[in-house]
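The values are calculated or read from the model by the stated rules, or taken from the named source; none is laboratory data. All values derive from a computational prediction rather than experimental measurement. Counting neighbours? That spans all protein chains shown, and the Cβs are built from the backbone with ideal geometry, glycine included.
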Amino acid sequence: MAEQISHLLPRPQAQHLKLALSGGIDSLALLQALVELWPQSDWQLSAIHINHGLSANADHWAEHCQLVCDRLAVPLVVETVAVEPRGQGLEAAARDARYAALARHVGPGDVLLTAHQRDDQLETVFLHLLRGTGAHGLAGMSPSRDFAGGLHVRPMLEFSREAIECYARATGLDWIHDESNDNARFSRNFLRHEILPRLKSHWPAAEVVISRSAGHAAAASELLDEIATEDRRRCIGMTANSLSLVRCRDLSRSRLQNLLRHWIAHSSLAQASARHIDEIVRQISQPSRSGQALVSWPGGGCYRYRDELILTSRTRHPEGDFEIAWNPPDIVTIEQLGIALRMTPTTGAGLAAARIQGAAIVLRNRRGGETLRLPGRGQRHRLKKLFQEAGVSPLERDRMPLLYVDGELAAVGNRWIAESFAARLQEPGFALEIHDF
């Protein structure tokens, strides 16, 4: 098995392989195979165990993983997460918490390895089929994908559960059993214990054949992504978060659906469902008041402004005024806008350090009538006019905090800085960074 896995690892070899280690048979078998390959390889190897805290045995599993890694001289990180279902099932919430934690340990040059195997792939394809997903869902889990600045690789997708168990017993592995895997209340477990055994008894080759079909779906989804990438290049709006409605209307319905799915999937927003994408397509062709939210879904939305379709993480105008004192370098949050701000030192850009150090800094919302003189302009301009010139939509205008220094408007979000507060060439300054939370 180790030799077969060696051919499935990324080339050129990664700098650091980081194995997601649950302590179950699959991840321990992969760990054993990697340890066998380690002496002849250039990469570093470590493991990450995520403690979900959902079982009374969770701490025991973490201890077991630590004992195994200590015996094999493999560094292990154990991280405990809080699983909080928010309109989703416990399985999905645990998966989201797990991958969020794993992402914190992965960076450029790192490869996250997970021990998903052929039976897991079969279950995934069936679950996606039962949810009515398209080619991307029917492709199942990809062997590799970009993840958190590095790569996520699944080198065991070609191995059956029986082959892994045979290897585990031959190498004397001692694995833990997660009792939740026996609970048929969970969809994946119901498939695993009730449906797939009967399916395989009637069609013994089902696992291999369905895996082949998933490969065909993966090839089709790759082609769809290539088409969407080309369409996105043609339909791109004024920013990366916008599309030209005029060009979008030139596309067929199917092609437009494909573009929207790809566009949203490659943003920082949560993926929209097929129902939401269908609604966007329907409304694109209908008159709508500019600036109004077009369609929203949990974690994102899009609206139209000046014949452009714009993605946003916030689909409602903020309510109520705010006025918040700020003492950089402390990070400040604005609950009404759902954002956090911080200042980072820079040179020849941003707010002049000499103008803000020791001054009273206050963040306020826009209330109308504000004016600003930009560098290189001879007179002050109303913010409303500047927003209109720059094509900033009404929704985004209301989400842009105004920064005052000793009572004088110094900056409008991280878009504009008043001439009298802008750092000059080679002058120490502070760049304003804004992040959603």
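Below, the figures for the structure above:
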{"item": "Residue within the stretch 117-124 that is assigned to a loop (DSSP other than H, G, I, E, B), assigned by TED's automatic domain parsing to the domain that holds A29 and in contact with an Asp or Glu (Cβ under 8 Å, 6 or more places away or on another chain) present", "result": "yes"}
{"item": "Which listed residue, of S46, S22, is closer than 21 Å to D119 by Cα and either hydroxyl-bearing (S, T, Y) or without any contact (Cβ under 8 Å) to a residue 40 or more places away in the chain (or both)", "result": "S22"}
{"item": "Conditions (1) crowded, with 16+ Cβ neighbours inside 10 Å; (2) charged (D, E, K, R); (3) in contact with a strand residue (DSSP E or B) (Cβ under 6 Å, 6 or more places away or on another chain): number failed by R145", "result": "(1)"}
{"item": "Long-range neighbours under 8 Å by Cβ, at least six apart or interchain, first residue at pLDDT below 95 within the stretch 415-429, second β-branched (V, I, T) and in a loop (DSSP other than H, G, I, E, B)", "result": "R415/V392"}
{"item": "Residue in the stretch 12-28 that is more than 19 Å from Y167 (Cβ to Cβ) and assigned to a strand (DSSP E or B) present", "result": "yes"}
{"item": "Selection from the stretch 71-97 of residues that are surrounded by 13 or more Cβ atoms within 10 Å (Cβ to Cβ) and in contact (Cβ under 8 Å) with a residue 60 or more places away in the chain", "result": "L90, E91"}
{"item": "3 or more residues in contact (Cβ under 8 Å) with a residue 24 or more places away in the chain and within 23 Å of I264 (Cβ to Cβ): qualifying strands (runs of 3 or more DSSP E) within the stretch 292-347", "result": "300-305, 308-312"}
{"item": "Selection status of L294, within 30 Å of A100 (Cα to Cα), modelled with pLDDT under 85, surrounded by 13 or more Cβ atoms within 10 Å (Cβ to Cβ) and not acidic (D, E)", "result": "yes"}
{"item": "So L351, is it within 20 Å of V412 (Cβ to Cβ), in contact with a helix residue (DSSP H, G or I) (Cβ under 6 Å, 6 or more places away or on another chain) and in the same structural domain as A422 (by TED's automatic domain parsing)", "result": "yes"}
{"item": "Residue in the stretch 279-286 that is closer than 27 Å to A422 by Cβ and part of a loop (DSSP other than H, G, I, E, B) present", "result": "no"}
{"item": "Residues located in the stretch 76-107, provided they are in a helix (DSSP H, G or I) and among the charged types (D, E, K, R)", "result": "E91, R95, D96, R98"}
{"item": "Qualifying residue in the stretch 105-112 (condition: among the β-branched types (V, I, T), in the same structural domain as L196 (by TED's automatic domain parsing) and touching a helix residue (DSSP H, G or I) at 6+ places or on another chain (Cβ under 7 Å))", "result": "no"}
{"item": "Hey, V362 at pLDDT 95 or above and closer than 20 Å to I417 by Cα or not", "result": "yes"}
{"item": "The stretch 165-181, subset within 26 Å of R95 (Cβ to Cβ) and of a type in the set (A, V, I, L, M, F, W, C), residue modelled with the lowest pLDDT", "result": "I176"}
{"item": "Those helices (runs of 4 or more DSSP H) lying entirely in the stretch 162-278 with at least 1 residues under 22 Å from the mean Cα position of the chain (by Cα) and surrounded by 12 or more Cβ atoms within 10 Å (Cβ to Cβ)", "result": "206-235, 253-265"}
{"item": "Residue check for A359: part of a loop (DSSP other than H, G, I, E, B) and either more than 15 Å from Y404 (Cα to Cα) or in contact with a helix residue (DSSP H, G or I) (Cβ under 9 Å, 6 or more places away or on another chain) (or both)", "result": "no"}
{"item": "Among the residues listed as D398, D406, the single one being within 31 Å of the chain's Cα centre (by Cα) and of a type in the set (D, E, K, R)", "result": "D398"}
{"item": "So A325, is it loosely packed, with under 12 Cβ neighbours inside 10 Å and touching a strand residue (DSSP E or B) at 6+ places or on another chain (Cβ under 7 Å)", "result": "yes"}
{"item": "Residue match in the stretch 59-71 (condition: among the basic types (K, R), assigned by TED's automatic domain parsing to the domain that holds F147 and not in a loop (DSSP other than H, G, I, E, B))", "result": "yes"}
{"item": "Test: S213 is closer than 20 Å to S273 by Cα and of a type in the set (S, T, Y)", "result": "no"}
{"item": "Selection count, the stretch 1-32, where residues are within 28 Å of V81 (Cα to Cα), modelled with pLDDT of 85 or more, buried (at least 19 other Cβ atoms within 10 Å of the Cβ) and not polar (S, T, N, Q)", "result": "12"}
